[in-house]
Structures are given as C-alpha cells and as structure tokens.
1. What do you reckon, is L201 more than 30 Å from A294 (Cβ to Cβ), open to solvent by less than 30 Å² (accessible area, probe 1.4 Å), assigned to a helix (DSSP H, G or I) and at pLDDT below 85?
2. Filter region 112-125 down to the residues that are open to solvent by 20 Å² or more (accessible area, probe 1.4 Å) and either among the basic types (K, R) or more than 19 Å from the chain's Cα centre (by Cα) (or both) and list them by number.
3. Determine which member of the set V120, V105 is under 21 Å from R176 (Cβ atoms) and at pLDDT 95 or above.
4. Answer with yes or no whether D251 is of a type in the set (D, E) and under 22 Å from the mean Cα position of the chain (by Cα).
5. For region 4-22, check the following and say yes or no: at least one residue is in contact with a Cys (Cβ under 7 Å, 6 or more places away or on another chain) and crowded, with 19+ Cβ neighbours inside 10 Å.
6. What are the pairs with Cβ atoms under 6 angstrom where one residue, in region 121-132, is touching a residue at least 40 places away in the same chain (Cβ under 8 Å) and more than 13 Å from S76 (Cβ to Cβ) and the other, located anywhere, is among the polar types (S, T, N, Q) and outside any loop (DSSP other than H, G, I, E, B)? Sequence gap at least six, or different chains.
7. Test each condition in (1) closer than 30 Å to R273 by Cα; (2) open to solvent by less than 20 Å² (accessible area, probe 1.4 Å); (3) in a loop (DSSP other than H, G, I, E, B) for H44 and report the one that comes out false.
8. Count, please, the residues in region 242-257 that happen to be assigned to a loop (DSSP other than H, G, I, E, B) and open to solvent by less than 40 Å² (accessible area, probe 1.4 Å).
Amino acid sequence: MSEAVLEGVERDLLPGVAEVGLSVAGEPFLTPDLPQLVDRLTAHGARLEVTTNGTLVEEGPLLRKVLNAASLLRFSVDGATQMTYGSIRPGARLERVLDGVRAAVRTRRGGRPRITLCTVIQRRNVQDLPTLVDLAHDLGVDRLEVSLLTPLWPDQEDERADPVHVRSACMDARRRADALRLRLLLPRSMGRPSWATELGLLRREVRRVDLGILRRRVRHGASLAAWSARVGGRVPCAFLQGMAWVSLGGDVSCCCQPGRPVGGNLLDQPFERIWNGPVLTGLRRAFLAGEPLACCRGCGVNPTR
C-alpha cells in the first residue's frame, strides 16, 4: 500500500473504526515495516484483525507486538494432515504452521487476543473437517471458522466440494466440537450448537471481551437500528452496514467478493463521500428492494442465501 493511500486510511477511517483487518491482499508477516504499520494503524485506538497463513509466525518481538495490538489472530489452515494441506498449498509444511499457532497461544496474555483457525472447505479437504476440530482443540485456540469455497477463477469450479459430503462433514464436526466445548463457526445453513453448549461457550468467552470494542459495537448497533427504522427495512449484510475493503491501490468496496462494484478511490475522494455515494448506496437499496446484486446473492456470508 502506497504512502498516499495509507495517509487516506489514517485521515478518513482510523479515527472512527474499532478494528482494522490485515488480510486478503497478501501475507501480513511478509510486510517489511510491519512494526511501524502496526503503530500507525492503532494510533487512534483501533485493534487489529490479522489473518495469516502462519508460515512466518514465530516466537519473538514481532509476534508479541502484533498480539498486543490485535483483537483477533486468525491462522488459515486448509487441512488436518500434511497430505491434504500440501495438496492445496504446495511446498508448505503444516507442522511449521502449527508451530506458529503454538507460539501465539503461548505468547498471548490473559486469553487475548482471540486466536482461531480458519479453513475453506473444498473437494480436497472436506474429509478433514472433523479432524480439524480435534486439531483446533489440541492447539488451544478459541475457535474454528469454516467457510465454503468461492471460486475466483473458472478453473476453481471443479474444486467445490460435493454438497452432500459438505453437510455430512459439517454435522460430524459439529458433534465433535460440542463434545469438546469448542466454538465452531460453520456456514449458516449448517446449523448451530445446542443451547447447553452455547451457554457454556458464552460464559467462557465473556471473560475475554474487549470492552472498548464492545462499546463501539453497541453504539454502532444502535445507529443501525435507528437507520433501519428510518428506511423501513434491514440490510442483511454486515459489510454494507459497517465494514469496508480498501485495496492496495486505494479502491474502496464493501468487501472482497468477486464481482463486487468499486465505490471509489481514496486518492480521488474522501471515504465519507464513497460510503454514502451511489455505488454502495445502490447495493443497500437493492437489498431493501429484495433484489440484491448477483455478487451479493452468491456470497457465502449473505444470510438470505
């Protein structure tokens, strides 16, 4: 990200945001000036959400700095065995990634920040999902997050897992996670934990809540409720209501979903004008009219899917 784009983020976004995510456009731990970037991004009180492939995470000053500034450190692990993991990420060693997870769990203090594993279910790893639950529990992380593959290119269509196999693996994983009292976040259509399990998880998690972020989210929720009352409807997309994606070149979108329209660029206009401009406003209006755009209809995060 250029200095001009970063200055735009600092000027227009950081004073009012609760969390800043470092992900999607590359591996955060490859950033040469990551310590300085952490300082700049958190100067106004925001916390970091960091998603990493884990191959460069190791115990030391950099990891401590990231953990101290973060609300969430997410490790992307697309397999429970080297065979599966290596078939998706050629040349990478799963054990190296797991060493990074262990280092992060050892280094954090007071159970903060939250540390999670995330995995994208596809044809080559769907059978590993129940074992990933065991792995997450053994590593001592707080959650396992599961999403479905969203093909970015036509040749990735063949990597989608069979829906029957996905449902079977998700149900097995849910039973295993409930038995281990592990928070498992599955695609919306795959069900939730039992009430007894949910209450137990909430009791454990409430002790780790970041009160600063909680206060901001409560205020944001109240603002959204007032907005929904004014417009006479609700937009069932968290991104369009309180998140934004800024590319390395400064393009601002609601998210990184393939096919999403770009609202504008921070080098050309301030964020407030982009956020309230015709592109992002049009996306919200489409939801309110019951006719979301194609990129929204195919999104795995969209609860109306």
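The values are calculated or read from the model by the stated rules, or taken from the named source; none is laboratory data. The model shown is predicted, which means the values in this text are computed figures rather than measured ones. Every residue, glycine as well, gets a Cβ built from its backbone with ideal geometry; the counts of neighbours run over all protein chains shown. Please note that ligands, DNA and RNA were not included when accessible areas were found on the heavy atoms of the full protein model with its side chains. Shrake-Rupley method; radii C 1.70, N 1.55, O 1.52, S 1.80 Å.
1. Values: more than 30 Å from A294 (Cβ to Cβ): yes; open to solvent by less than 30 Å² (accessible area, probe 1.4 Å): yes; assigned to a helix (DSSP H, G or I): yes; at pLDDT below 85: yes.
Spelling it out, L201 is indeed more than 30 Å from A294 (Cβ to Cβ), open to solvent by less than 30 Å² (accessible area, probe 1.4 Å), assigned to a helix (DSSP H, G or I) and at pLDDT below 85.
2. R112, R114, R123, R124
3. Working: V120 fails: at pLDDT 95 or above.
Only one candidate qualifies: V105.
4. Values: of a type in the set (D, E): yes; under 22 Å from the mean Cα position of the chain (by Cα): yes.
When the stated conditions are applied, D251 passes them.
5. Of all residues in region 4-22, those in contact with a Cys (Cβ under 7 Å, 6 or more places away or on another chain) come to none.
No: region 4-22 contains no residue that is in contact with a Cys (Cβ under 7 Å, 6 or more places away or on another chain) and crowded, with 19+ Cβ neighbours inside 10 Å.
6. R124/S87; D128/T84
7. Failed condition: (2).
8. Restricting attention to region 242-257, the residues satisfying the condition of being assigned to a loop (DSSP other than H, G, I, E, B) are 243-244, 247-250, 254-257.
If we keep only those that are open to solvent by less than 40 Å² (accessible area, probe 1.4 Å) too, we end up with 247, 250, 254-255, 257.
Counting residues in region 242-257 that are assigned to a loop (DSSP other than H, G, I, E, B) and open to solvent by less than 40 Å² (accessible area, probe 1.4 Å) gives 5.
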